[in-house]
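Asker: Sharing a structure, written as structure tokens. Questions coming.
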Amino acid sequence: MSTDNILLGLVIAYFAWRILSSFLARRRIPALLQEGAQMVDVRTPGEFAAGHAPGSLNIPLQDLAEGARTLDPNRWVIVCCASGTRSAFARRKLRSQGFSRVLNAGSWRNLP
């Protein structure tokens, strides 16, 4: 098997994983919100002002370390952004701060 085929396979696997994980996250969101989950949009204030999910809090990624103090670590936290990249970083950051229940919703458009 050539290196090109291996790289192509890895790229395909990565995108399949992104699509599947986004689909699975979207399926869990309604139940988590019914349980009282907190929605956090980690985009910039300008992006948030241009459109966001109702009820979501805007804590930009660069302010998350401090902004996490306003969140209840015992409740689910659903993080979102424009595409899912920043929210993936936010999930990791919150988990490192002791939040055990964090879901990366990907795009804010995945939220109700």
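Quick note: the coordinates plus some simple rules give every number you see, no bench work behind them. What you see is a predicted model; the values in this text were computed from it and never measured. Glycine gets a Cβ as well: all are built from the backbone with ideal geometry, and neighbour counts include every protein chain shown.
Asker: Which listed residue (82, 110, 62) has the Cα farthest towards the positive end of the charge dipole for region 3-110, taking +1 on Lys and Arg C-beta and -1 on Asp and Glu C-beta about the Cα centre?
Answerer: About the Cα centre, the residue reaching furthest to the positive side is 110.
Asker: Helix-only estimate, please: 222 nm mean residue ellipticity of the chain, summing -39500 (n - 2.57) across DSSP H runs of length 4 or more and dividing by its residues, to the nearest 500.
Answerer: -15500 deg cm²/dmol
Asker: Let's see if you can work this out: charge +1 on each Lys and Arg Cβ, -1 on each Asp and Glu Cβ, no other charges. What is the dipole magnitude of the chain about its Cα centre, in debye to the nearest 20?
Answerer: 240
Asker: Moving on to the next point. Whole-Hz ³J(HN,Hα) for each residue in region 93-103, computed from phi via Karplus 6.51 cos²θ - 1.76 cosθ + 1.60 with θ = phi - 60°, x for glycine and proline: what do you get?
Answerer: For region 93-103, the Karplus-derived couplings read 5, 5, 4, 6, 8, x, 7, 8, 10, 10, 10 Hz, x marking Gly and Pro.
Asker: Let me know the shape class of the chain, please: from the alpha-carbon gyration tensor, a ≥ b ≥ c as square roots of the eigenvalues, rounded when a/c is under 1.5, otherwise prolate if a/b is greater than b/c, or oblate.
Answerer: prolate
Asker: Kindly write out, for region 39-55 in residue order, the coupling ³J(HN,Hα) from the Karplus curve 6.51 cos²θ - 1.76 cosθ + 1.60 (θ = phi - 60°), rounded to whole Hz, with x marking Gly and Pro.
Answerer: 9, 10, 9, 9, 6, 5, x, x, 5, 4, 5, 6, x, 7, 6, x, x
Asker: Quick one: which residues, 5+ away or cross-chain, put their amide H under 5 Å from the amide H of residue 38? H built at 1.01 Å from N.
Answerer: Hits under the 5 Å cutoff: 76, 77, 78.
Asker: Residue 106's amide H: which non-local residues (gap 5+, or another chain) put their own amide H closer than 5 Å, with H modeled 1.01 Å from N in plane and none for Pro or chain starts?
Answerer: 81
Asker: Moving on to the next point. Using a Gaussian network model of the chain with C-alpha springs under 10 Å, which one of 31, 16, 50 is most mobile by mean-square fluctuation?
Answerer: 50
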